[in-house]
Amino acid sequence: MDSPYLELRDVTKLFAKVVANRHVSFSIQSGEVVALLGENGAGKSTIMKILYGLYHADSGEILINGVARKIASPKDAMALGIAMIQQHFSLVPAHSVTENIILGNASGRINLAAYQKQVRELATEYGFDIDPAALVRDLPVGVQQKVEILKALFQKARLLIMDEPTAVLTPQEAVKLMAFVRRFATAGHSVVFITHKLKEVMAVADRIIVMRNGEVHGDLLRASTDEKELSTLMIGRELPPLPKELAIPASAKEMLRLDGVSIRDAHGGCGLEEVSFAIREGEIFGIAGVSGNGQQELCEAICGFRPLASGSISLDGRDLARLGIRDRIGLGIGYVPADRQKDGLVMELSLAENMILKSSYDAKWKQWRLLDRPRIAQYANSKIQAYSIKAPGPDAVVKELSGGNQQKLVVAREVDNGTRLLIFDQPTRGLDLGAIDYVHKAILAERAKGKGVLCISTELSEIFALSDRIAVLYKGVIQGIFKKTELTTEKIGLLMAGYAIDAEIPNMTKESAK
Amino acid sequence: MNANLRDLFLSTFFAVVLGIVASASLLLFLGKNPIAAYTLLATSIIRDSYTIADIFVKATPLILTGLAFALPFKASLFNIGAQGQFYIGALAASAVSLALGERLPGLPGILLVIVAAMVAGGLWGAFIGWVKAKFNSNEFLISMMSTYVALAVMNYFLRTALMEAKHEYPQTDTFAPRLWLPTIFEGTRLHAGFILAVLFALFTWVLLYRTDLGYRIRVVGHNPTAARLSGIEASRIYISTFFLAGALAALAGVTETNGVQHMLVQGFNPTLGAEGIGIAILANANPIGIIFAAILFGALKVGGNVMGQMSGIPASIIEIMEGFVMIFVILSYFVRNFLATRRAKRVLQKSLAV
Amino acid sequence: MINLLSRALLMSTPLLFGAIAEVFAERAGVMITAIEGIFLLGALGGFVGAYLSGNLYLGLLLAIFTGMAVAAVYGWITVYLKQHQIVTGTAISILAAGLSSYFMRVFFGTPILPLTVEPLKAIPLPLLSQIPVLGPIFFTQNILTYAIYGIVPLSWFILYRTSLGLTIRSAGENPEAVDVAGIKVDRIRFAMVLLAGAMGGIAGAFYSIGFLGMFTTNIIGGRGWIAFAICFLGNWNPLGVLVGTLVFGLAEALAIYMQSSGTMLLPNELFIALPYILTIVLTISRKSFNVPAKLGIPYRKEN
């Protein structure tokens, strides 16, 4: 039998605190699309970074066309025709498209005009609409991904590794990407498609490798498997269903109200344009959209982090315009930011210290002008119990905790701070399914207490599972507000891409005006 | 955790020893016997109570400039300007001391000198914090440059208003003895300034780790974005920490003018600021650790001086020693991290083998 | 007046060498906070080499070598061992201060009179130096000052028109992109630190053998930090840096002029402090900075 194009044998990789890969073996054939399926933290990215020379395995070997090869750096990988697109792209935002593509692929004096022409031709060949002279920081994420793909094509890659490529795309863009992947494979190239989404796997892959806890738990042909089998292999157990949702009583008061809120963004990011909606007590208001379309700006506007260009925000009938961040926290607004490590936690401080992050001015933590440490520790301990946070104790440093436990910590704190309104931005990003389930239950429990909840997510499944009503945000504009039952994946996908579908859903303007 | 703590003490100890050994080896090129020289250093610093007390005299301003770097460092701010704040403090202390003369009794007089110096140095420092807060200016550069400006200000006054009566040297007249910081031990130079410095180190520790302001200083230091989203105003933190840092460095000015020299001399103690940074690094920016690190540097200074007088070894060997100790301490950070990582990985490997 | 401007250009020279050195290193992501120490030991190396060999150019060579040696230690600790740049730079600067007087003692003992060498001479360029006004200012300078005419355009060309420059800039903006492109981030950063050491060494030597003809331990007096500041103020661009160094050179020439002219209209100290005050004012008033995004942050991969 012919040896496969590429083979990984018994690869093991240890990080300082976790076993990332344990005896991983599989192969990739020429012209084959292999999906690497698994939850967050299953070790999919690590094994591919080893293949690309970014990490070095502690043991095991890599064979190409049956010959053992040592890949010590990305340079070696590139020489063997391997290219990898990282999940969080590795582009230089301040540089142009062309400069990014030729980085490491040019030498001596650079004839920029000639390279720009080359990039333009390559883009046209694959049907990408890209200006080679544009600065990457000015491009939407979807286009940035195309720059990454062009970079791989420019290097004449034979094997293309893509790490969670659809995370930043609308459903329609994702379909186009998968079409590209199929076309690329048809030409005899190979693709590794890393994902945690079962639907994509079934749509794009020839063969599926399922990973869990750093190990391979299945190597199946798409034709001979189904989503149910894959899901069981990936999770390793059954998940209990979410509790039944409650109907919002008609008497529920309106609590948060945005009227014509606009934000200007000086830094080339997304602003907000005339955003209006209202949330009632005990309601979960979901916001769908591709990331970078104004979600974070919306949260920050409500929290008082960004000034409004026009419009007004009120909570329980009180105008927030003149209130600072601390005052708004005092009114009972809790906020779980999308990037918890950057915006929500102080990684170097202890769990207990992180619990008082937003209430350090509060007299209840003080005794004789000094911090009442036993009391703070006790408070933290009670939350560790209540949220079953896995930590040695309240003095444990937060960066030692896993991502899921960090998120539980933020949720625990914000649920207490947010006595009236809770804002969740990407509440489950990067978590494993157990933690996702936990966070979802916490959100539903707070809703049941009558709090208003604003839930933002790029995961449509999450939006559908939690929300009572759903709005779609595109380039800072609300594309429409719908009851959950009025929407399908296809419709929401079109809205996320900025297509108006008023004709199909006539009631949306009325709804948003209400 | 225990293993990490053990590593901390061991690696710091070895760093200090290596720094001393490295500088000793340089003595060979001067044709001196390093072993004899360092034996002399070790014996000379404990030869009598005057010399032993002098270690603490030298340590006093170092504790304060060490704190002046460490406190803003906890807020991720770089105060490279402790030297200038020290000069401003010394200048203010001298001006007030000379103006007071014999007008006030000792204790209130000294208190007034201290308060004046700390406020002057504090305001000098707070300016840096203020431009950081208001214009987001680079505090590292500005504090660095402010030292040279402070030096020019001091020189100006020593040439004009504060110049000694005979107008010969760029220095002031001697202060009234009642404004001298009282001596703690008869027959030595050790003055009450040392106790003040230790108290302020303890105060800084309590501030950082036991008060909500200190908590917010550390939050801003580790993650300014999260701090802002939590309603903590970084600008106030910038101004208040730089005020405190300036005041601490200025207090070192008082301990030197009113505690040791009893006058102000042009360009004295030109390396206190830089040594303060070294001490803060050696102590991992821990205020309590700074006390001990400053005493170590004080011993090196006293010993180096004695060594210089007795065997003709240049005084620059002290700076070399300090420099090497600092570099080895920085290397020890790396070694410690390396050891901790390797230890964690070993544990994993074992669990994997089972 | 002509004298003053000619002096200004002369005084700009070392600042330009130092600031361009910073530009290359900082564009790659490393602040050279040891620059004061590099200047100082460069000045020492230049003087020792020139005095012992009697040849100024051998002095310059030794200055380059000592500058690179200091930079190598700094680069090893900050780039490869990933330690804090400001802290490391301070330590090295203290050590350099001690070493400078130590080596003076090793080589020269304790002389009664300060040792001197004949400093670099101005070389009037044929014809060009005859041009009235411009000739004495621009074309009657020493060889290091002439070098800056070439260094600025050359640096600009390397940074913006070559693949090396692209790699350097990318290493400071997003080192991960460089790594993924198969180029060793640490290697390019370390190389830039060495380059900065060589240029900083020349800058230091300018003060000892290019200008004063002697060495004292306080010869640099914060000029390294001014070069560091000019790099910031010049927006990490060789052209901006050129403007910055000329302004500072002028300020310094003015200070020397005022001191020697003996006018007591304003206190002398004000002029001495002028370059430093200028740095503070400019740092505060500069609004938009193009800071390399990953400046000062060591490149670490999870492991």
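Some points to look at:
- Here the range B:224-241 is the region considered, the condition is being open to solvent by 10 Å² or more (accessible area, probe 1.4 Å), out of contact with any Phe, Trp or Tyr (no Cβ under 9 Å at 6 or more places or on another chain) and free of Cβ contacts under 8 Å to residues at least 60 places away in the same chain, and the residue that is farthest from the other protein chains (Cβ to nearest Cβ) is B:Glu233.
- Note on the range A:405-497: enclosed helices (runs of 4 or more DSSP H) holding 3 or more residues that are open to solvent by 30 Å² or more (accessible area, probe 1.4 Å) and at pLDDT 85 or above are A:433-448.
- Against the test of being away from chain B (no Cβ under 13 Å) and of a type in the set (Gly, Ala, Ser), the options C:Gly46, C:Gly37 yield a single qualifying residue, C:Gly46.
- Residues of the range B:1-45 that turn out to be in a helix (DSSP H, G or I), within 14 Å of chain C (Cβ to nearest Cβ) and either in contact with a Phe, Trp or Tyr (Cβ under 6 Å, 6 or more places away or on another chain) or not small (Gly, Ala, Ser) (or both), as a count: 14
- Members of the range A:1-32 found to be more than 14 Å from chain B (Cβ to nearest Cβ) and of a type in the set (A, V, I, L, M), listed by number: A:Met1, A:Leu6, A:Leu8, A:Ile28
- Among the residues making up the range A:325-358, a single one is facing chain B (nearest Cβ under 10 Å), of a type in the set (Gly, Ala, Ser) and crowded, with 21+ Cβ neighbours inside 10 Å: A:Gly344.
- Test: residue in the range C:187-206 that is over 20 Å from C:Ala21 (Cα atoms), charged (D, E, K, R) and open to solvent by 10 Å² or more (accessible area, probe 1.4 Å): no
- Flag if C:Phe248 is in contact (Cβ under 8 Å) with a residue 12 or more places away in the chain, over 30 Å from C:Tyr102 (Cβ atoms), buried (at least 24 other Cβ atoms within 10 Å of the Cβ) and within 17 Å of the chain's Cα centre (by Cα): yes
- Listed by position, the helices (runs of 4 or more DSSP H) contained in the range B:121-223 that have at least 1 residues being open to solvent by 20 Å² or more (accessible area, probe 1.4 Å) and farther than 30 Å from C:Pro267 by Cβ are B:193-210, B:212-222.
- Residue in the range C:61-73 that is at the interface with chain B (Cβ under 10 Å from one of its Cβ atoms) and modelled with pLDDT of 95 or more present: yes
- Check on B:Ser316, under 30 Å from B:Thr172 (Cβ atoms), touching a Leu at 6+ places or on another chain (Cβ under 9 Å) and within 14 Å of chain C (Cβ to nearest Cβ): yes
- Filtering the range B:308-354 to residues that are of a type in the set (Val, Ile, Thr) and open to solvent by less than 30 Å² (accessible area, probe 1.4 Å) leaves B:Ile313, B:Ile317, B:Ile318, B:Ile320, B:Val325, B:Ile327, B:Val329, B:Ile330.
- Only one of B:Ala252, B:Ala293 that is over 17 Å from B:Gln83 (Cα atoms), under 11 Å from the mean Cα position of the chain (by Cα), away from chain C (no Cβ under 11 Å) and at pLDDT 85 or above: B:Ala293
- For B:Gln266, the criteria (1) more than 14 Å from chain C (Cβ to nearest Cβ); (2) touching a strand residue (DSSP E or B) at 6+ places or on another chain (Cβ under 7 Å) hold in every case but one, which is (1).
- Near pairs, Cβ below 9 angstrom, 6+ apart or cross-chain, from the range A:384-403 (under 16 Å from A:Gly344 (Cβ atoms) and not assigned by TED's automatic domain parsing to the domain that holds A:Arg429) to any residue that is acidic (Asp, Glu) and modelled with pLDDT under 85: A:Ser402/A:Asp432; A:Gly403/A:Asp432
- Taking the criterion of being open to solvent by 10 Å² or more (accessible area, probe 1.4 Å), in contact with a Leu (Cβ under 8 Å, 6 or more places away or on another chain) and touching a residue at least 24 places away in the same chain (Cβ under 8 Å), the residues of the range B:88-103 that qualify are B:Leu91, B:Ala95, B:Leu98, B:Leu100.
- Residues that are closer than 20 Å to A:Gly142 by Cα, charged (D, E, K, R) and at the interface with chain C (Cβ under 9 Å from one of its Cβ atoms) within the range A:87-122 comprise just one, A:Glu99.
- When the helices (runs of 4 or more DSSP H) confined to the range A:311-403 are screened for residues that are closer than 25 Å to A:Ile443 by Cα and at pLDDT below 90, those reaching at least 1 such residues are found at A:373-386.
- Residues of the range A:259-308 that are of a type in the set (A, V, I, L, M, F, W, C), under 23 Å from A:Ile329 (Cβ atoms) and either open to solvent by 40 Å² or more (accessible area, probe 1.4 Å) or not in a helix (DSSP H, G or I) (or both): A:Val261, A:Ile263, A:Leu272, A:Val275, A:Phe277, A:Ala278, A:Ile279, A:Ile284, A:Phe285, A:Ile287, A:Phe305, A:Leu308.
- With respect to being in contact with a helix residue (DSSP H, G or I) (Cβ under 9 Å, 6 or more places away or on another chain), more than 30 Å from A:Asp316 (Cβ to Cβ) and not assigned by TED's automatic domain parsing to the domain that holds A:Leu298, A:Val411 falls outside the description.
- Residue check for C:Leu10: buried (at least 24 other Cβ atoms within 10 Å of the Cβ) and within 14 Å of the chain's Cα centre (by Cα): no
- Subset of the range A:197-235 that is basic (Lys, Arg) and not in a strand (DSSP E or B) - its residue that is least open to solvent (accessible area, probe 1.4 Å): A:Lys197
- For B:Asp48, the conditions (1) without any contact (Cβ under 8 Å) to a residue 60 or more places away in the chain; (2) within 14 Å of another protein chain (Cβ to nearest Cβ); (3) not β-branched (Val, Ile, Thr) all hold with the exception of (2).
- Single residue of the range A:64-76 satisfying the filter (of a type outside the set (S, T, N, Q) and at the interface with chain C (Cβ under 7 Å from one of its Cβ atoms)) that is least open to solvent (accessible area, probe 1.4 Å): A:Pro74
- Selection status of C:Glu173, acidic (Asp, Glu) and away from chain A (no Cβ under 14 Å): no
- Criterion applied to A:Ala134, A:Ala79 was being open to solvent by 60 Å² or more (accessible area, probe 1.4 Å), farther than 16 Å from C:Val178 by Cβ and more than 25 Å from the chain's Cα centre (by Cα), and the one residue passing it is A:Ala79.
The values are calculated or read from the model by the stated rules, or taken from the named source; none is laboratory data. Note that the structure is predicted; figures quoted are calculated from it, not measured. Cβ: placed from backbone, ideal geometry, glycine included. Neighbour counts: every protein chain shown. These area figures cover heavy atoms from the full protein model, side chains too; ligands, DNA and RNA do not enter into them. Shrake-Rupley method; radii C 1.70, N 1.55, O 1.52, S 1.80 Å.
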